[in-house]
Amino acid sequence: MLLWRQFTMEWKLYLRDRGATFWTFAFPVIMLLGFGFIFRGGTGPATTLVWITRTAAAPSDQALEQALAQTPVKVLRLSPEEASARWAKGETAAQLESAPNGHHLRVNSYLMAQGQTAAQIVQQANLVAQAKAQGLNPELIPVSLESPGGRVAPNYAAFLLPGLLGLNLLSIGLFSVGMVNVAYREKGKFRRLGVTPLPKWIFLLGQVLQRLTVSLVQSIILLATGRFALGIHNQGSYPEFFLVVIIGTGAFMAMGFALSSLANTVEGYGAISNLVFFPMMLLSGVYFTLDAAPVWIQKAVMALPLSPYIKALRGIFNDGAHLSNYLPGLGLVLIWGILCFGIAVKRFRWT
């Protein structure tokens, strides 16, 4: 069968490229294991507060220290000289110093996320200490760490895995499909194929099926790694999860085909694809959420296909949600895929 021969040939060509094989299968696993083991105990690194130690402690120091002991902040006591050296190196996110009228808190503007978190906790602990000094006994509201679906999030890897999977499906579409087709055209391989009896649809469908199996194998490897190495597993339906994987693979491959029709050289395609890839990688919630970003940015990125796609993957994987809960977002992904496929078919050329 001609299609089967084309499919097997695509696999042989793919496996010959060790770099592509590594970035497709090994690199996502390394990223997942790396972040998974680093942040295994929670969703992020511990917040550290540098407290400058002085010979004459202020009366309020002991009360504040006791209040901070009940928080997740890690207090690091240093001398003024050590604290100054650490601050100069940019290693301190937040620094606390006793002052005659209380305390002074210093936040590193280069480490705003960590520094502001530490500052808020210190302010809260200071209010608790002041309340206790006045004979009150304030109680903090209990906090539980859960996903939107009510599941208890085991670690950051559970959040990261669907994001990595979505990002790698986008990479397959833009680089394993788009870049390869531009290279074929630039080197004259398309021109030679154009004069053979090989039908155009056989050639294109062979690529589609091969990349589809790559995405499925990659998904299985990531799921197995998360399950056996990090103790995380799919909370939802496996058929629905893999259906979403197939939808994303098709949409992102169509995007790769469409972008490849806009470039004549590999260098030109590299600029175009990176212009599309990096904004989606940074703004679509792969590694972190955008809840601290302006509202207009949060709404704007939802128009990009990767953001609603990762939200659907994460909802099924982490929350056990049903596919029907994410139909609007997946509908947007399908619209992107259909539009890109139409552009690819209209602009496809052998030369």
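The values are calculated or read from the model by the stated rules, or taken from the named source; none is laboratory data. Nothing here was measured: the structure is a model prediction, and the numbers come from that model. Cβ placement follows ideal geometry from the backbone for every residue including glycine, while neighbour counts extend to all protein chains displayed.
Worth a mention:
- Residues that are among the polar types (S, T, N, Q) and modelled with pLDDT of 90 or more were ranked within region 265-321; the one that is nearest to PHE175 (Cα to Cα) is SER273.
- Criterion violated by ARG349 - all others in (1) of a type outside the set (Gly, Ala, Ser); (2) closer than 22 Å to PHE288 by Cα; (3) touching a Lys or Arg at 6+ places or on another chain (Cβ under 9 Å) satisfied: (2)
- Of all residues in region 19-41, those being over 16 Å from VAL217 (Cβ atoms) and in a helix (DSSP H, G or I) number 9.
- Residue satisfying all of: in region 228-240; at pLDDT 90 or above and in a helix (DSSP H, G or I); farthest from GLY320 (Cα to Cα) among these: PHE228
- Condition met for ALA99 (farther than 20 Å from THR47 by Cβ and at pLDDT below 85): yes
- Only a single criterion out of (1) at pLDDT below 90; (2) surrounded by fewer than 18 Cβ atoms within 10 Å (Cβ to Cβ); (3) assigned to a helix (DSSP H, G or I); (4) not polar (S, T, N, Q) is not satisfied by LEU243, namely (1).
- Boolean, ALA113 is part of a helix (DSSP H, G or I), modelled with pLDDT under 80 and outside the structural domain of LEU161 (by TED's automatic domain parsing): yes
- Sub-6 Å Cβ pairs linking a first residue in region 145-167 that is more than 17 Å from GLY329 (Cβ to Cβ) to a second residue that is among the basic types (Lys, Arg) and at pLDDT 60 or above, at least 6 apart or interchain, are ASN155/ARG40, ordered by first then second residue.
- Residues that are part of a helix (DSSP H, G or I), of a type in the set (Gly, Ala, Ser) and more than 20 Å from ILE272 (Cβ to Cβ) within region 177-203 comprise just one, GLY194.
- Exactly one residue out of ALA303, ALA258, ALA312, ALA321 is in the same structural domain as LEU209 (by TED's automatic domain parsing), in contact (Cβ under 8 Å) with a residue 24 or more places away in the chain and within 20 Å of GLN218 (Cα to Cα): that is ALA312.
- When residues in region 75-101 are screened for being surrounded by 13 or more Cβ atoms within 10 Å (Cβ to Cβ) and touching a residue at least 24 places away in the same chain (Cβ under 8 Å), 14 of them pass.
- In region 246-263, residue nearest to PHE317 (Cα to Cα) [restricted to those that are part of a helix (DSSP H, G or I) and among the polar types (S, T, N, Q)]: THR249
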